[in-house]
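Some notes on the structure that comes next.
The values are calculated or read from the model by the stated rules, or taken from the named source; none is laboratory data. A quick note: this is a predicted structure, and the numbers were derived from the prediction, not measured. Glycine also receives a Cβ, built like all others from the backbone with ideal geometry; neighbour counts cover every protein chain displayed.
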Amino acid sequence: MPIGAVVTDDRTLGDTTTTVILADEAPESRPPQEPRSLVPRPSRSDVVFRSVAFSAGGVTVAIMLAVGLFLSIRAGSAIQVAGLDFLFEQKWSPETGEFGIAAVLFGTIMIAVIAICISVPLALGTSLLISEVMSGRLKQWSITLVDLMAAVPSVVFGLWGVFFLQEGIIPVSRWISTYFGWIPFFAVTDQEGTALTDASAFTSSAFIAGIVVGLMVVPTQTSIMREAFMQAPAGEREAAYALGSTRWGMIGAVVLPFGRGGIIGGTMLGLGRALGETIAVYMIISPIFAINWQVLKTGGNSVSALIALRYGEASEFALSALMAAGLVLFLITLVINFAASSIVARSRSGAESEA
């Protein structure tokens with residue numbers, strides 16, 4: 001049949017005759033069909049929002065890089081003089097050329113570890129109490145109270161720790177040292193190794209500073225964990241109950257696995273604040289420039305407290321040394337935050353719930 005021929009087909013269905021015209025057209029003669037574009041055209045509000053979001057993110061990253069660059073430039077002269085010994089020297093005497101952050105860095109990490117050991121159980125229990133047990137107005141009042149505690153200034157916590165908490169903690173520190181002094185961290189001894197029991201040996205210690213800092217970061221950690229727990233799907237909660245689970249069984253099988261990202265994020269955020277806390281530690285701690293393994297004993301230091309203590313009287317070179325100490329703390333905080341982001345990204349909320 002030639003191309004373009006028209007064929008008429010007459011079909012009789014009862015009393016009706018239907019004429020069907022069939023056109024045979026070569027496939028090559030049909031116009032090509034282009035794929036339809038499925039990309040939507042963004043509206044003006046979407047363009048504005050995207051521009052603002054990208055600008056805010058870019059400004060944040062730029063500020064962080066600017067801070068790191070500023071600290072690196074200002075710390076250059078001190079790092080050139082000290083070299084790698086800056087990380088291992090315990091003394092702090094920039095005028096004589098003997099200075100390093102080994103002691104203050106150890107104290108910073110020790111105070112932060114104590115703070116996290118105290119704050120995480122309190123924050124976890126409080127967030128579960130608010131999200132899973134309380135209800136009604138009591139729940140709303142508790143949320144408001146916890147959020148208000150996060151706004152209390154650091155100096156208030158410092159004053160409270162110096163004039164109230166320290167007096168009540170000294171008997172506890174003495175008891176721990178008496179019954180657990182066989183553990184090197186909990187021993188309180190003099191240079192000859194003799195156990196000390198006088199109250200003055202337990203004041204202004206890293207233990208007391210860690211407790212105060214831990215109580216400071218509890219509200220922030222509680223808010224983050226609570227929000228993560230309250231977002232656990234209601235269907236999975238009801239499924240756990242339908243399978244015969246108790247409330248605490250449901251919490252262990254659904255809420256805690258779903259909120260794992262919130263637990264990790266809140267813990268790391270609290271750790272970052274504990275590492276950089278200044279005023280409260282400065283008011284409580286008795287500064288020394290030696291590694292003190294006995295956390296209950298008087299004496300300790302931190303990088304932020306060192307900067308606050310020596311900044312006002314520092315010479316040009318001593319100020320460069322303080323900037324170097326701040327740069328090390330800045331890098332440590334960045335590493336912790338990036339590690340936390342990686343862990344949170346791998347432990348997506350609800351990915352491992354068993355309900």
Note on the stretch 89-130: residues farther than 23 Å from Glu316 by Cβ and at pLDDT below 90 are Gln90
Within the stretch 82-113, residues part of a helix (DSSP H, G or I) and free of Cβ contacts under 8 Å to residues at least 40 places away in the same chain come out as Gly83, Leu84, Asp85
For Ile291, state whether it is touching a strand residue (DSSP E or B) at 6+ places or on another chain (Cβ under 8 Å) and either of a type in the set (A, V, I, L, M) or touching a residue at least 40 places away in the same chain (Cβ under 8 Å) (or both).
no
Given (1) buried (at least 19 other Cβ atoms within 10 Å of the Cβ); (2) free of Cβ contacts under 8 Å to residues at least 40 places away in the same chain, number of the condition Gly210 does not satisfy
(2)
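Conditions tested, residue by residue: (1) of a type in the set (Lys, Arg); (2) without any contact (Cβ under 8 Å) to a residue 24 or more places away in the chain; (3) not in a helix (DSSP H, G or I).
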residue	(1), (2), (3)
Ser131	no, no, no
Gln140	no, yes, no
Gly161	no, no, no
Pro171	no, yes, no
Ile176	no, no, no
Gly193	no, yes, yes
Out of the stretch 315-330, which residues are among the aliphatic types (A, V, I, L, M) and touching a residue at least 60 places away in the same chain (Cβ under 8 Å)?
Ala318, Leu319, Ala321, Met323, Ala324, Ala325, Leu327, Val328, Leu329
Of all residues in the stretch 217-250 being of a type in the set (A, V, I, L, M), in contact (Cβ under 8 Å) with a residue 60 or more places away in the chain and surrounded by fewer than 21 Cβ atoms within 10 Å (Cβ to Cβ), which is nearest to Phe157 (Cα to Cα)?
Met230
